[in-house]
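The values are calculated or read from the model by the stated rules, or taken from the named source; none is laboratory data. Only a predicted model underlies this, so the values are computations on that prediction, with no experimental measurement involved. Cβ: placed from backbone, ideal geometry, glycine included. Neighbour counts: every protein chain shown.
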């Protein structure tokens with residue numbers, strides 16, 4: 001493989017710490033629990049862990065309301081537990097990425113307590129205070145402005161009222177967050193995933209957002225207005241470049257941005273001269289209809305839009321979206337795995353996808369997510385995709401000896417890591433196979449995309465480079481399709497029974513099945529959509 005950084009050739013695995021492994025019986029996962037499962041991740045073949053927040057927090061939004069950027073919440077352990085975990089991660093040749101939450105703090109953070117203490121306090125301008133509220137909405141339902149009786153002004157919160165937004169136009173705020181970044185970087189962490197990075201700067205005139213003409217009853221209230229003035233402001237790119245400068249002061253680190261924006265705006269977060277985030281998270285596959293035509297279009301549009309030299313990345317699941325097997329159906333989950341792991345650049349996996357976990361229905365009396373509590377019944381709750389990892393068939397799935405903080409899936413006795421490991425035809429083994437294939441065939445990481453096409457709900461594309469050309473065939477349809485028997489050397493199949501014989505020199509690729517094949521020289525066709533030459537040179 002040509003020279004690439006670890007974050008370019010690697011696979012990132014997101015751990016939601018509350019749900020991965022509990023080590024002390026309180027029903028909530030923790031840092032020592034993650035430590036216990038590191039060898040599982042090594043066997044899976046991933047290269048880096050991204051761990052969602054474990055900082056000191058009142059847990060109004062499960063750690064995304066930070067009360068101390070440089071502290072560990074006792075729910076997850078202590079600093080010595082973190083240091084031991086980091087050391088063991090590095091001992092295994094893995095990397096560690098932390099979640100950084102710089103848009104807002106907890107209302108219990110010392111900065112906000114000072115800011116709220118009086119209008120004259122030196123930290124008053126660290127947050128967004130106004131005499132009058134505009135129409136900016138909270139992403140968790142209702143108005144985004146909260147009245148403070150003590151000082152007689154409103155403060156803005158993009159999410160819960162317990163999560164006041166920082167004022168990133170204040171230079172002292174930037175300095176304080178950059179110091180927190182340096183605290184962890186000096187400790188040895190390998191980078192950050194930055195939460196809601198596109199929200200960090202707001203309009204300095206606090207103008208009202210325009211109405212959303214597409215808003216319909218039953219949608220989240222935050223959709224009533226177009227977020228023109230409280231998101232993706234031009235000045236945010238200056239902040240991102242300053243964050244990148246902090247990262248670049250340390251060797252071989254990465255900055256990843258969470259950005260839910262259309263492709264043209266997303267690309268701007270690579271920054272001028274690629275001095276922004278190295279990986280603006282690409283959520284196109286999360287937001288695209290599960291058809292060959294829609295996927296081909298999304299892949300092509302993203303690939304064509306990449307700035308020269310920019311590194312691509314792909315995501316199919318995370319802690320804020322329904323699980324893959326729920327979105328596309330369990331029968332298509334294998335196909336989704338092959339799609340994700342045959343695309344170029346950096347790949348991010350969400351815990352449990354590799355065993356085919358699905359969303360778990362949460363009874364109303366067990367709902368934990370504040371977004372669901374604020375606007376019940378419209379499908380914004382994220383609890384279903386955050387349920388505990390099932391490790392074995394025991395009553396508590398090997399996750400805890402106490403009461404799990406969220407219910408286990410009813411299928412956990414049959415769908416778990418232990419059973420999947422014992423079944424050579426499980427989706428877990430397919431993930432391991434595809435990850436290993438990606439290591440052996442660097443064209444899957446650094447090669448160019450060519451011949452992206454869709455026909456009869458079959459998605460196909462080629463990967464070219466490193467002296468190889470591979471073709472990916474993904475049958476998203478409900479019926480088998482004929483393919484030539486002499487298609488090439490099969491490197492991976494979603495199932496051992498993918499192919500069946502047909503007369504006249506043809507084979508059948510089964511419904512919801514896929515192949516990765518190495519093409520013989522005479523099969524190097526160039527029809528279809530192609531990447532630009534030299535993308536990764």
Search result, residues across the range 287-334 that are at pLDDT below 95 and either in a loop (DSSP other than H, G, I, E, B) or within 19 Å of the chain's Cα centre (by Cα) (or both): 287
From 39, 22, residue being assigned by TED's automatic domain parsing to the domain that holds residue 94 and assigned to a loop (DSSP other than H, G, I, E, B): 22
Residues (crowded, with 22+ Cβ neighbours inside 10 Å, under 15 Å from residue 387 (Cα atoms) and over 18 Å from the mean Cα position of the chain (by Cα)) located in the range 4-32: 21, 22, 28, 29, 30
Within the range 141-196, strands (runs of 3 or more DSSP E) holding 2 or more residues that are under 25 Å from the mean Cα position of the chain (by Cα) and assigned by TED's automatic domain parsing to the domain that holds residue 100: 191-194
Output for the range 56-73, where each listed residue is under 17 Å from residue 102 (Cβ atoms) and either in contact (Cβ under 8 Å) with a residue 24 or more places away in the chain or assigned to a loop (DSSP other than H, G, I, E, B) (or both): 57, 61, 63, 64, 65, 66, 67, 68, 69, 70
Total residues in the range 500-537, condition within 19 Å of residue 468 (Cβ to Cβ) and either at pLDDT 80 or above or crowded, with 18+ Cβ neighbours inside 10 Å (or both): 11
Residues (touching a helix residue (DSSP H, G or I) at 6+ places or on another chain (Cβ under 9 Å) and under 18 Å from residue 73 (Cβ atoms)) located in the range 110-128: 111, 112
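Yes/no matrix, rows are residues, columns are (1) touching a residue at least 40 places away in the same chain (Cβ under 8 Å); (2) outside the structural domain of residue 189 (by TED's automatic domain parsing); (3) out of contact with any helix residue (DSSP H, G or I) (no Cβ under 6 Å at 6 or more places or on another chain); (4) surrounded by fewer than 22 Cβ atoms within 10 Å (Cβ to Cβ):
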| site | (1), (2), (3), (4) |
| --- | --- |
| 251 | no, no, yes, yes |
| 257 | yes, no, no, no |
| 277 | yes, no, no, no |
| 289 | no, no, yes, yes |
| 298 | no, no, no, yes |
| 317 | yes, no, no, no |
Some residue of the range 380-400 being at pLDDT below 95, within 20 Å of residue 141 (Cα to Cα) and assigned by TED's automatic domain parsing to the domain that holds residue 28: yes
Entirely in the range 444-516, the strands (runs of 3 or more DSSP E) that have 2 or more residues that are over 22 Å from residue 302 (Cα atoms) and touching a strand residue (DSSP E or B) at 6+ places or on another chain (Cβ under 8 Å): 481-484, 489-493, 499-502, 506-509
Some residue of the range 105-125 being part of a strand (DSSP E or B), touching a strand residue (DSSP E or B) at 6+ places or on another chain (Cβ under 9 Å) and closer than 30 Å to residue 48 by Cα: no
Residues located in the range 345-398, provided they are part of a helix (DSSP H, G or I) and out of contact with any helix residue (DSSP H, G or I) (no Cβ under 7 Å at 6 or more places or on another chain): 364, 365, 366, 370, 371, 373, 374, 384, 385
